[in-house]
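The values are calculated or read from the model by the stated rules, or taken from the named source; none is laboratory data. Remember, it's a predicted structure, so these values are computed and weren't measured experimentally. In this analysis, Cβ positions are derived from the backbone assuming ideal geometry, glycine residues included, and neighbour counts consider all displayed protein chains. The area values use the complete protein model at the heavy-atom level, side chains included, leaving out ligands, DNA and RNA. Shrake-Rupley method; radii C 1.70, N 1.55, O 1.52, S 1.80 Å.
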Amino acid sequence: MINYIKLSYQIKRKLSTFSKKISKNISRPKYKFMFQMMYGFLESNSILLSNIARALKEDILLKKTIERLSRNLSSFNETDQLVENYINTIQSLINDNTIFCIDGSEITKPNSKVLEDMGTVRDGSTGETNVNGYNILEIAALTNKHDMPISVYSKIYSNVCKDFKSENTETLKSLEFIRAHFGNVGIKALDRGYDNNQFYEYFTNNNEKFVIRAKRNRDVIYNGKVINIFKLANKYKGKYVTTVKNKAGKAKKCKFSHIPIALPAMPDKKLTLVIIRGFGKIPMMLITNLNPTDKRLSIAILKVYLKRWKIEEYFRFKKQQFDFENIRVRSLNSISTINLLLSITIGFIG
């Protein structure tokens, strides 16, 4: 018990220091609110205001604490300043070997009817479509010094909002945010859902390094001819061998090859197809603009796609550790503020 109290005090002290860094140019009452929310997340492992209020242990009625937190959530308009302060705090961790992993998720609320601007989503756990809920777009950074991914962008949006255009538009906004704050450093990594000419064009036009996992039905140009990428991949059995650890920590050998290709939509842009074998019957196919002589190519493969479970664990951690889908505030601003503060809290943990 003594060790627990000591650890709790140390975490609270470090969180206080971190909170002061990210609250620059933010009023004292808002700083206090932010700190209490973040501390409440960590102490209660919950995003429910009732649980956060209990964790704060204030000498007032629990109802009064909940009402104060609720008012601050709905009226919070310091998002831009908070994000700027947070990015400045983690800026030194980002370098040219950083992997920015872009992925989408969702909050499903099938039984809710009163949440503001609630749209429909595809439930990733069941595959069911048109479920009530909100979409989430996340970007997490894999850095050299930290084993846990660090959140650098997180946004909740609804497909019924007036300013919503498309999921691709939301992804492009997130990429613009990363470029505006970190420049062209690092490598952007995206899964099969982003195997889209729109993203290839964006990255090549802005001279940004990327790795995108390709779908089996994609066509590529190889030796001047258009060929299905899966048929092309089956011609290569693996020239190089590397050893990685799976989720259970067991060492596993895999083989990979890389060949020059282009895309029919961008025939003049030189790209590389990386074919990885050893993770199932179907080879993993990655399209990138990294040159095979660039050592970051192997870093990207090892850090992202052969260890992608770390990224999946990040999203699972956010949802399960803090019961994120059990969110019960009603206004979209309150929901977005909880998401932002929780993402920053996970960044603190990282």
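Here are some notes:
Results for (1) acidic (Asp, Glu); (2) more than 22 Å from residue 83 (Cα to Cα); (3) modelled with pLDDT under 90, shown as yes or no for each residue.
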| residue | (1), (2), (3) |
| --- | --- |
| 267 | no, yes, no |
| 276 | no, yes, yes |
| 295 | no, yes, yes |
| 334 | no, no, no |
| 338 | no, no, no |
| 341 | no, no, no |
| 349 | no, no, yes |
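- Residue tally, condition more than 24 Å from residue 201 (Cβ to Cβ), touching a residue at least 60 places away in the same chain (Cβ under 8 Å) and hydroxyl-bearing (Ser, Thr, Tyr), over segment 138-179: 3
- If the condition is being open to solvent by less than 40 Å² (accessible area, probe 1.4 Å) and at pLDDT below 85, then segment 297-332 contributes 297, 300, 301, 304, 305, 306, 308, 311, 314, 315.
- Top-ranked residue in segment 146-188 [being open to solvent by 30 Å² or more (accessible area, probe 1.4 Å) and hydrophobic (A, V, I, L, M, F, W, C); ranked as nearest to residue 102 (Cα to Cα)]: 172
- Residues of segment 248-274 classified as farther than 20 Å from residue 225 by Cα, in a strand (DSSP E or B) and open to solvent by less than 70 Å² (accessible area, probe 1.4 Å), total: 3
- Residue within segment 40-61 that is open to solvent by 60 Å² or more (accessible area, probe 1.4 Å) and of a type in the set (A, V, I, L, M) present: yes
- Whether a residue is acidic (Asp, Glu) and either under 20 Å from residue 19 (Cα atoms) or more than 17 Å from the chain's Cα centre (by Cα) (or both) was assessed, and residue 138 does not pass this test.
- Residue match in segment 71-92 (condition: modelled with pLDDT under 95 and more than 25 Å from residue 156 (Cα to Cα)): yes
- Whichever residue in segment 62-97 is part of a helix (DSSP H, G or I) and charged (D, E, K, R) and, among such residues, is surrounded by the fewest Cβ atoms within 10 Å (Cβ to Cβ): 80
- Matching residues in segment 177-219 - criterion: being farther than 20 Å from residue 140 by Cα and either of a type in the set (Lys, Arg) or in contact with a Lys or Arg (Cβ under 6 Å, 6 or more places away or on another chain) (or both): 204, 215, 216, 218
- Flag if residue 206 is closer than 30 Å to residue 92 by Cα, open to solvent by less than 80 Å² (accessible area, probe 1.4 Å) and not acidic (Asp, Glu): yes
- Verdict on residue 116 being under 16 Å from residue 334 (Cα atoms), acidic (Asp, Glu) and either part of a loop (DSSP other than H, G, I, E, B) or open to solvent by 70 Å² or more (accessible area, probe 1.4 Å) (or both): yes
- The C-beta contact set for segment 92-119 (first residue in contact (Cβ under 8 Å) with a residue 40 or more places away in the chain, second residue open to solvent by 40 Å² or more (accessible area, probe 1.4 Å) and of a type in the set (Ser, Thr, Tyr), distance under 9 angstrom, 6+ apart or interchain) comprises 108/125; 108/126.
- All positions within segment 192-241 that are under 17 Å from residue 290 (Cβ atoms) and assigned to a loop (DSSP other than H, G, I, E, B): 195, 206, 207, 208, 214, 239
- Applying the set (1) surrounded by fewer than 19 Cβ atoms within 10 Å (Cβ to Cβ); (2) at pLDDT 90 or above to residue 141 leaves exactly one unmet item: (1).
- Flag if residue 340 is over 30 Å from residue 19 (Cβ atoms), open to solvent by 10 Å² or more (accessible area, probe 1.4 Å) and within 19 Å of the chain's Cα centre (by Cα): no
- Test result for residue 281, of a type in the set (D, E, K, R), open to solvent by 10 Å² or more (accessible area, probe 1.4 Å), free of Cβ contacts under 8 Å to residues at least 60 places away in the same chain and over 30 Å from residue 202 (Cα atoms): yes
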